[in-house]
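The values are calculated or read from the model by the stated rules, or taken from the named source; none is laboratory data. Small disclaimer: the values here were computed from a predicted structure and weren't measured. All Cβ positions, even for glycine, are placed from backbone atoms using ideal geometry, and neighbour counts span all protein chains on display. The protein model used for the area step is the full one, side chains on, heavy atoms only, and it has no ligands, DNA or RNA in it. Shrake-Rupley method; radii C 1.70, N 1.55, O 1.52, S 1.80 Å.
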Amino acid sequence: MTRQSICERLEPRSLFSTLPAGFTETTIADLQTTVAATMAFAPDGRLFVGDTTHGTIRVVKNGALLPTAALTLSVDRFRERGINGIAFARNFAAAPADQKYVFVYYTTPDPANPNTAPNNAKNRLSRFAMSTTNPDQIDPSSEKVLLDGIASDTGQHNGGMLKFGADGMLYLAIGDAHTSANAQDLTNLSGKVVRIAPDGSIPADNPFVNTPNARKEIWADGLRNPFTGDFKPGTNTLYVNDVGESTWEEIDQINKGANYGWPTAEGNSTNPAFTNPIYEYAHNGAAACITGGAFYEASQFPGSYKDKYFFGDYILHDIWTIDPATKAVTPFASSTLSVTNISGSPTDGSLYYLSVTGKVERISFATTQTTKTLHDVADAYVRDGSSAGSNFGQVTELDAKKSTSGFNRESYLKFDTSGAGTIGKATLRLFGKLTTTEASSVGVGIYGVSSTSWGENTITFSNKPAADGSSQASGTISGTTAQWYEFDVTNYVKQHASALVSFDVKALASALPIVAFNSDEAASNTPELVISPASSSKTLRDTADAYVRDQQYAGTNFGSSGELQVKKSTSGFNRESYLKFDLSSLSTINSAKLRLSGKLSESSSSAVRVAAFGVANTSWSESTIDYNNRPTGGTQLSVVSITGTTAQTYEWDLTSYLKGEKAAGHNIVTIALRGLDMTTPYTTFASDEAAANQPVLAIT
């Protein structure tokens, strides 16, 4: 990507992208910069965004851009230099507070000759630790340089894809530094994907560790400007978008020791020494620039998008998906902003993309999905013994019988779930009965069938596909009067969402009666797969919290404490806690619960009541609030009794209040916690500075 030639300032856009039906786009944050090239989600849903123009990493938290940068770096900003990669350690969420590591790939400046070329600016990969006193800050003094001195001779082709694989190793894709010969030269890191351990050491199984003069960090070579990419979660399948020169843009699946051909080849090659891209598209005489890449693994989108790889083009203003199994490419969005990065949220399931001017856009699917009833696309029963080669696909029954005499009967059904949307529950409904009265009931099991290639008019007992392992659901069929029976097959259908799914219905015990269900040839009450939508839920972290205390502490601020304390006292040592939330990311509120992890400070009382109040004043600051200037008054909303000295989760129902605030256009809200009982123990809750179990609003 050459910003000097293709990154002119864009005119303001009045409309959002053109998206498939049911999708919406929302601007979540705007850094108001000129170059923003990378972003990464922390496991808790905070989004860290690199702002090259200002040399900062900014945080989007609970749908709002925090006013203070998480980290400020000295960077060279010429052409494509700057902050080009951010990644979080795989154990970030569980790591101790002083070992929550974030990795940053950026360009260090030449102090004597900055922001120009040629100069002595170099690319660097460093590890930083989060601040132990403010979880939204990165400690600049914690920097550990892992790789340094990486060429950036002209300011172009720095690459920037930075991801952890399932093997626990850190992968960095580096551009050829605008010197194409670098890509085939194993003595330098330019034009390569490198692989190192999180501490910077070199894994012993890297492909060139025993190659004389080769850089041992190299994992793959022959790349031009591998700007973005992603691992398929839980695997070592890595896709990298390599920005082309004048002919082809390509997506490469990065394999150990592979050579992708640049500069000898751009796009596909007949040279067996080179690994071809899994997908390429031509410039067709115009400009193009492939940027932004992410696998979608969440369930907020319809099931047909799960496991797809989303990629964008900075110049063409488009986003597509590619199916890793078939390599089929489908348009997704057009008329986007100039995409530089794409990532899926680990908390709300939406897809986010970053524009070069620092706008963070969220693409979500409408959650007003209704229950859908799917009818099978094929069904048939099969029978062994003398009928093992016969097809029963056109009869009106689906039979099940377990027999010791060889006349077993099983029934197969196939459903197309590609239009089912997000799946909360899947219920197989069959209308059936026992054919005779030799037994009062017969148990049946529903088994998943991996093969979906069988045909209704060709399946027989002899060629039937095998069922998968144990039954997905079971039930008891009783009596000779037909009725509906339901089987919960949710887990199996979720695993195969957006595809054909097959089931095998078997009797579980030997019995004389045949179980007979209606088939799709019956006049009515044919088989159904009922899909109920998943409930939409979201958690918001507070944007500020603090407790206050009166008497000699009335002028003291406790905003950096890991606790929120509450106490009602006759002696003057009252304690109250204040929390602030941003509701701007919510379109609707059906239910809202304040969740806090808390306990009593000691056991002289068995229970203490704590009330939540809605307070109009939202101008207070976490770092300046004290008892003297605290917001007062408010409306009591909900009361909860806190018991015991072992921390547990407590909930206050704030639904009515927050619905009203949202309807009134008030996106910033304050909740105060005040004690109702005069007791010796005070109640203590985890604050947003705590290492875990921070305050949240649970929204559905």
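Here are a few things to note about the model shown:
- Estimated FRET transfer efficiency (LYS372, THR133; beta-carbon r; R0 45 Å; 0.05): 0.35
- Remark: the ALA97-SER462 segment gains 125.3 nm on full extension, using 0.36 nm per residue and subtracting the alpha carbon distance.
- Among the listed pairs LYS425/LYS506; LYS144/LYS306; LYS100/LYS122; LYS359/LYS593; LYS122/LYS538, those beyond 32 Å (Cα-Cα): LYS144/LYS306; LYS122/LYS538
- Dipole magnitude for region 551-698: computed about the Cα centre from +1 point charges on Lys and Arg Cβ and -1 point charges on Asp and Glu Cβ, it is near 300 debye.
- The figure for THR618 is an accessible area of roughly 50 square angstrom, using a 1.4 Å probe on the protein chains alone.
- Helical runs assigned H by DSSP (4 residues or longer) give the chain a calculated mean residue ellipticity at 222 nm of -500 deg cm²/dmol, each run adding -39500 (n - 2.57) before division by the residue total.
- Nitroxide proxy distance, nm - points 7 Å out along Cα→Cβ at THR588 and LEU512: 5.6
- Accessible surface of region 625-700 [probe 1.4 Å, protein heavy atoms]: carbon and sulfur percent: 46
- 1.4 Å probe accessible area per residue over the chain, in Å²: 39
- Alpha-carbon Rg with Dmax, taken over the chain, Å: 30.2, 96
- Each residue of region 230-245 was assigned a 3J(HN,Hα) from its phi angle through the Karplus expression (A = 6.51, B = -1.76, C = 1.60, θ = phi - 60°), giving 6, 8, 5, x, x, 9, 9, 7, 10, 9, 10, 8, 9, 5, x, 8 Hz with x at Gly and Pro.
- Net +/- balance of residues flanking ASP323 in space, Cβ distance below 13 Å, scoring K and R +1, D and E -1: +3
- Furthest towards positive pole of dipole, THR490, ASN213, LEU186, structure part the chain, Cβ charges: THR490
- Subtracting the Cα-Cα distance of THR396 and ASP199 from their residue separation scaled by 0.36 nm leaves 64.4 nm.
- Nitroxide proxy distance, nm - points 7 Å out along Cα→Cβ at SER450 and GLN648: 4.5
- Neighbourhood net charge (9 Å Cβ-Cβ; Lys/Arg +1, Asp/Glu -1) for ASP379: -3
- Cross-link partners of LYS216 among aspartates and glutamates, defined as those whose alpha carbon lies under 19 angstrom from its own and excluding same-chain residues fewer than eight positions apart: ASP148, ASP167, ASP176, ASP185, ASP199, ASP205.
- Cross-link table LYS163/LYS256; LYS567/LYS662; LYS163/LYS232, entries beyond 19 Å C-alpha to C-alpha: LYS567/LYS662
- Pairs of Cα atoms nearer than 8 Å and 6+ residues apart set the relative contact order; for region 472-618 it is 13 percent.
- The chain: relative contact order in percent, alpha carbon pairs under 8 Å with at least 6 residues between: 10
- The stretch between ALA607 and GLN483, if pulled fully straight at 0.36 nm per residue, gains 39.4 nm over its current Cα-Cα span.
- THR635-SER405 pseudo-label distance in nm [points 7 Å out on the Cα-to-Cβ vector]: 7.5
- Furthest towards positive pole of dipole, PHE517, TYR553, THR543, structure part region 513-553, Cβ charges: TYR553
- Ignoring aspartates and glutamates fewer than eight residues from LYS372 along the same chain, the ones with Cα atoms less than 14 angstrom from its Cα are ASP416, GLU528.
- Fraction of accessible area attributable to carbon and sulfur, region 271-311 (%, probe 1.4 Å): 50
- Think of the chain as having a plus end and a minus end, set by charges on the Cβ of Lys, Arg, Asp and Glu; of GLY455, THR684, THR370, THR684 sits farthest toward the positive end of this dipole.
- Each Lys and Arg contributes +1 and each Asp and Glu -1, all at the Cβ; summed about the Cα centre of the chain, the dipole is approximately 1220 debye.
- Accessible carbon and sulfur surface of region 173-242 relative to its total accessible area, %, 1.4 Å: 51
- Cut-off 9 Å between beta-carbons: net charge of the residues surrounding TYR309, Lys and Arg +1, Asp and Glu -1: -1
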